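**Student:** Got a structure for you, written out below as structure tokens; questions coming shortly.
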Ligand code: MN
Ligand code: MN
Ligand code: MN
């Protein structure tokens, strides 16, 4: 018989920049007909335990996941990690250090703004964040609320772009660090949504770092790009993954759930590939 169960391996919760709690997200995924999901919050795996509990009640499967922000030259790319051991000490330490660097970056942004005559209280900004560490979007919202800008876009343009008075670069992993920590924790590293502008040099750096797969199915990929990355995966011996990148608060998000999926048997094959490798 055919196994028609579907998997979405790219979803966000309130633990990073999504809207829903992990349990709420599992409920929505279930309603959308999904059998398997990966929660891939940015640089944190905090939502995993709650998602697993909620999924167990519904007979669904959760794959451990994360989306890491990686810097290659002057470009930020995202790497999805899957199937790692969520309790792995080195992985947890690395994620914790990353979150601490984000707290420092947030404090540095407020200091720089202060020097430019813009005073925002840290608590005022934190109040706009569900969980996690505030980033530029939250600072932009607070700037609008405090009357320093009339819109979110203006706040970004006047204060938060690279040449602006409140700009502090976001901490980022190198490709080698990110892939190594995922491998060390027993997982795989997958290039997220490569899109139309993947540079050869960036791809080469990722391959040299030990990239395992490429996200082929993604809302930003046209039919042509899906075919293209499917071929890239074949040519370079990479695994194929896919998902919706659902955040819960963007215009098209509700239509995404259940639409950008891969067959569940492919998830099982990914898992087996890992077993073979570690054997
Ligand atoms: Mn996001
Ligand atoms: Mn991303
Ligand atoms: Mn994402």
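The values are calculated or read from the model by the stated rules, or taken from the named source; none is laboratory data. Quantities reported herein were computed from a predicted structural model and do not represent experimental measurements. When we count neighbours, we look across all protein chains shown, and the Cβ atoms used for this are built from the backbone with ideal geometry, even at glycine.
**Student:** Given segment 118-224, what helices (runs of 4 or more DSSP H) lie entirely inside it while holding 3 or more residues that are closer than 27 Å to residue 87 by Cβ and touching a strand residue (DSSP E or B) at 6+ places or on another chain (Cβ under 9 Å)?
**Tutor:** The qualifying helices (runs of 4 or more DSSP H) are 175-184.
**Student:** Is it the case that segment 109-128 has a residue that's within 23 Å of residue 19 (Cα to Cα) and under 18 Å from the mean Cα position of the chain (by Cα)?
**Tutor:** No, every residue in segment 109-128 fails to be within 23 Å of residue 19 (Cα to Cα) and under 18 Å from the mean Cα position of the chain (by Cα).
**Student:** If you don't mind, another one. For residues in segment 239-257 being in contact with a strand residue (DSSP E or B) (Cβ under 7 Å, 6 or more places away or on another chain) and assigned to a loop (DSSP other than H, G, I, E, B), which is farthest from ligand 1 (Cβ to nearest atom)?
**Tutor:** Initial filter on segment 239-257 (in contact with a strand residue (DSSP E or B) (Cβ under 7 Å, 6 or more places away or on another chain)): 239-246, 253, 256-257.
Retained after the next criterion (residues that are assigned to a loop (DSSP other than H, G, I, E, B)): 243-245, 257.
Details: 243: 12, 244: 12, 245: 7, 257: 15 Å.
So the residue we want is 257.
**Student:** Take the residues in segment 14-41 that are part of a loop (DSSP other than H, G, I, E, B) and free of Cβ contacts under 8 Å to residues at least 60 places away in the same chain, then tell me which one is nearest to ligand 2 (Cβ to nearest atom).
**Tutor:** For segment 14-41, the residue satisfying everything is 41.
**Student:** Continuing with the same structure: Please tell me if residue 260 is within 16 Å of ligand 3 (Cβ to nearest atom) and at pLDDT 95 or above.
**Tutor:** yes
**Student:** Do we have any residue at all in segment 47-63 that's within 12 Å of ligand 3 (Cβ to nearest atom), in a strand (DSSP E or B) and in contact (Cβ under 8 Å) with a residue 40 or more places away in the chain?
**Tutor:** no
**Student:** Checking residue 249 against (1) within 16 Å of ligand 3 (Cβ to nearest atom); (2) closer than 23 Å to residue 85 by Cβ, which single condition isn't satisfied?
**Tutor:** Against the list (1) within 16 Å of ligand 3 (Cβ to nearest atom); (2) closer than 23 Å to residue 85 by Cβ, residue 249 comes up short only on (2).
**Student:** Another question, then. Checking residue 68 against (1) within 11 Å of the chain's Cα centre (by Cα); (2) buried (at least 23 other Cβ atoms within 10 Å of the Cβ); (3) without any contact (Cβ under 8 Å) to a residue 60 or more places away in the chain, only one condition comes out false. Which one?
**Tutor:** Only one criterion in (1) within 11 Å of the chain's Cα centre (by Cα); (2) buried (at least 23 other Cβ atoms within 10 Å of the Cβ); (3) without any contact (Cβ under 8 Å) to a residue 60 or more places away in the chain is unmet by residue 68, namely (3).
**Student:** Just give me the residues in segment 232-258 being surrounded by fewer than 15 Cβ atoms within 10 Å (Cβ to Cβ) and touching a residue at least 60 places away in the same chain (Cβ under 8 Å), in sequence order.
**Tutor:** Within segment 232-258, 249 is the sole residue that qualifies.
**Student:** Follow-up. Is it the case that residue 167 is closer than 30 Å to residue 143 by Cα, over 18 Å from the mean Cα position of the chain (by Cα), touching a residue at least 12 places away in the same chain (Cβ under 8 Å) and not assigned by TED's automatic domain parsing to the domain that holds residue 116? Working first, answer last.
**Tutor:** Working: closer than 30 Å to residue 143 by Cα: yes; over 18 Å from the mean Cα position of the chain (by Cα): yes; touching a residue at least 12 places away in the same chain (Cβ under 8 Å): yes; not assigned by TED's automatic domain parsing to the domain that holds residue 116: yes.
When the stated conditions are applied, residue 167 passes them.
For every residue, the table says whether it meets (1) free of Cβ contacts under 8 Å to residues at least 40 places away in the same chain; (2) closer than 25 Å to residue 47 by Cα; (3) buried (at least 18 other Cβ atoms within 10 Å of the Cβ).
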position: 96; (1), (2), (3): yes, yes, no
position: 134; (1), (2), (3): yes, yes, yes
position: 155; (1), (2), (3): yes, no, yes
position: 181; (1), (2), (3): no, yes, yes
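**Student:** Just to be sure, is residue 10 surrounded by fewer than 22 Cβ atoms within 10 Å (Cβ to Cβ), in a strand (DSSP E or B) and either within 16 Å of ligand 2 (Cβ to nearest atom) or at pLDDT 95 or above (or both)?
**Tutor:** Here the answer is no, as residue 10 does not meet what is asked.
**Student:** Let me ask something else. Tell me which residues, restricted to segment 143-153, are surrounded by 13 or more Cβ atoms within 10 Å (Cβ to Cβ) and under 24 Å from the mean Cα position of the chain (by Cα).
**Tutor:** Once the filter is applied, which keeps residues that are surrounded by 13 or more Cβ atoms within 10 Å (Cβ to Cβ) and under 24 Å from the mean Cα position of the chain (by Cα), segment 143-153 yields only 152.
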